[in-house]
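K.L.:
Got a structure for you, written out below as structure tokens; questions coming shortly.
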Amino acid sequence: MKVHWTPIIYAAGLGTGWLVFGGGVRESAESAGNKSAAPVVTKREARPAKTPHETKFRNFAKELPKLSTEDKEAFKKSLAPKDRPAAIEAMLAQAGPDGIPGQTRVMVDEILKTWANEDFEGVWAWCQQLESDASRKFVASQIIEGLVNKDPDRAFALHLEMAAEDPEFTSHAPLNILQQAVSKDAASFLDLLGKLPCRNGSSGRPMDFAADFDFQQAADGITALTKSHSGKSPPAFPTNFLSSWAARDADAAYAWYANNNGTPFENFGNLLEGIEKQGVPGASAARAADKLSQPGTARDAMLRSLAQSTSDRKASTINSIAQAMPDTTSRDRFLGDMLTTSPYSDPMAEVGFTLNQMSTPAARLEALQQLRNNNRLYPAKISDTQLQQWGLTRQQVEQAAQK
């Protein structure tokens with residue numbers, strides 16, 4: 001199952017690769033004048049000096065993207081165990097772990113897997129002595145992910161070891177352990193999340209929840225956890241938490257959503273998808289129309305969530321909600337708000353279809369005037385055909401843009 005990542009900027013960059021050949025032991029936190037409460041791990045304060053990389057591995061790293069599949073396989077088979085560190089470091093040194101070509105990354109991963117299968121303790125010990133922080137974290141992540149399916153508990157323990165030094169450290173180990181937790185109960189779920197450092201971004205994937213999973217208990221625990229960490233999120237999370245909850249108890253799921261604006265991966269649209277799974281035709285649109293007819297901060301959050309959605313179902317979802325509105329006035333207001341709430345610089349390109357559902361040309365013109373108030377109305381981008389469909393003239397729209 002594909003893993004999704006929320007936007008987050010990692011510390012490793014193209015310039016980190018040269019640190020692999022850094023010529024000297026990394027400074028300790030004390031000698032560098034670092035006042036942080038998280039000291040550098042002692043076992044890395046006295047790393048042995050590295051021997052120079054052999055020319056053949058540097059040359060191989062440069063030529064790797066050009067080599068055939070046969071040549072790559074031949075290299076892996078001929079690589080002696082004692083030469084694995086030099087080969088990997090030479091490849092990483094080309095541009096740092098985040099800058100190396102995809103084929104080079106695959107080669108590094110395959111060598112690490114072979115090494116880990118033969119001598120896991122040895123490859124892990126070598127990894128921990130890499131001088132470049134970026135390279136060490138990259139290699140550690142690859143090693144841990146290779147261990148996830150074989151020994152998930154050990155993989156998780158190693159992940160926590162790395163995360164204790166750097167809360168932004170990532171691997172798939174927490175997700176695998178989290179799947180086990182949600183298949184048990186909410187207490188196991190919260191216990192696991194409590195062991196992980198919260199941060200500004202999360203990774204996630206859909207998970208199978210236990211039949212009696214207590215979503216309310218889990219949601220209350222998540223709320224408390226994020227508040228205690230100044231709004232930061234758990235680094236791993238199910239991407240179907242809210243939708244799965246709504247499929248079982250729509251009222252409870254909505255009540256929590258209204259106060260928390262969803263999860264790291266889910267929004268109001270996902271909540272509606274969960275309601276649809278209850279099998280009642282039109283239930284999600286009717287519920288949405290009811291909630292969106294009520295003023296307040298929750299309504300604003302729902303509007304933003306629908307407007308920001310990138311789902312291919314966005315148009316049909318918005319139109320269904322509009323048709324479920326109790327009267328024409330409510331429908332026009334909702335559609336107009338969808339247009340003006342859109343976060344895009346050119347809302348017409350994203351949610352211009354909302355104007356098609358409005359009841360009168362006057363309602364459409366009023367919505368366009370609201371766009372003008374936000375300096376986001378561009379008459380030149382609206383075709384004559386579109387204007388005719390809306391019952392408006394170019395002069396009306398250009399006048400609206402000038403107000």
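K.L.:
State whether the residues of region 370-390 include one that is closer than 30 Å to G282 by Cβ, in contact with a Phe, Trp or Tyr (Cβ under 8 Å, 6 or more places away or on another chain) and part of a helix (DSSP H, G or I).
P.N.:
no
K.L.:
For residues that are small (G, A, S) and within 19 Å of S141 (Cα to Cα), tally how many sit in region 158-192.
P.N.:
So the answer is 4.
K.L.:
Somewhere in region 174-186, is a residue surrounded by fewer than 18 Cβ atoms within 10 Å (Cβ to Cβ), aliphatic (A, V, I, L, M) and either touching an Asp or Glu at 6+ places or on another chain (Cβ under 7 Å) or not assigned by TED's automatic domain parsing to the domain that holds L225 (or both)?
P.N.:
No, region 174-186 contains no residue that is surrounded by fewer than 18 Cβ atoms within 10 Å (Cβ to Cβ), aliphatic (A, V, I, L, M) and either touching an Asp or Glu at 6+ places or on another chain (Cβ under 7 Å) or not assigned by TED's automatic domain parsing to the domain that holds L225 (or both).
Yes/no matrix, rows are residues, columns are (1) of a type in the set (F, W, Y); (2) farther than 26 Å from S202 by Cα; (3) touching a Lys or Arg at 6+ places or on another chain (Cβ under 8 Å):
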{"position": "A247", "(1), (2), (3)": "no, no, yes"}
{"position": "F265", "(1), (2), (3)": "yes, no, no"}
{"position": "L272", "(1), (2), (3)": "no, no, yes"}
{"position": "L292", "(1), (2), (3)": "no, yes, yes"}
{"position": "G296", "(1), (2), (3)": "no, yes, no"}
{"position": "D300", "(1), (2), (3)": "no, no, no"}
{"position": "Q308", "(1), (2), (3)": "no, no, no"}
{"position": "L335", "(1), (2), (3)": "no, yes, no"}
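K.L.:
Do any helices (runs of 4 or more DSSP H) lying entirely in region 98-172 carry at least 3 residues that are β-branched (V, I, T), and which ones are they?
P.N.:
Answer list for region 98-172: 102-118, 133-147.
K.L.:
Also, I was wondering about something else. Starting from residues that are of a type in the set (G, A, S) and either touching a helix residue (DSSP H, G or I) at 6+ places or on another chain (Cβ under 7 Å) or at pLDDT 95 or above (or both), keep the ones in region 93-125 and report whichever is farthest from D83 (Cα to Cα).
P.N.:
G99
Okay, residues lined up against (1) closer than 29 Å to A255 by Cβ; (2) aromatic (F, W, Y):
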residue	(1), (2)
M325	yes, no
D337	yes, no
S359	no, no
Y378	no, yes
W390	no, yes
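The values are calculated or read from the model by the stated rules, or taken from the named source; none is laboratory data. Note that the coordinates shown come from a computational prediction; the quantities given were computed from them, not determined experimentally. Glycine gets a Cβ as well: all are built from the backbone with ideal geometry, and neighbour counts include every protein chain shown.
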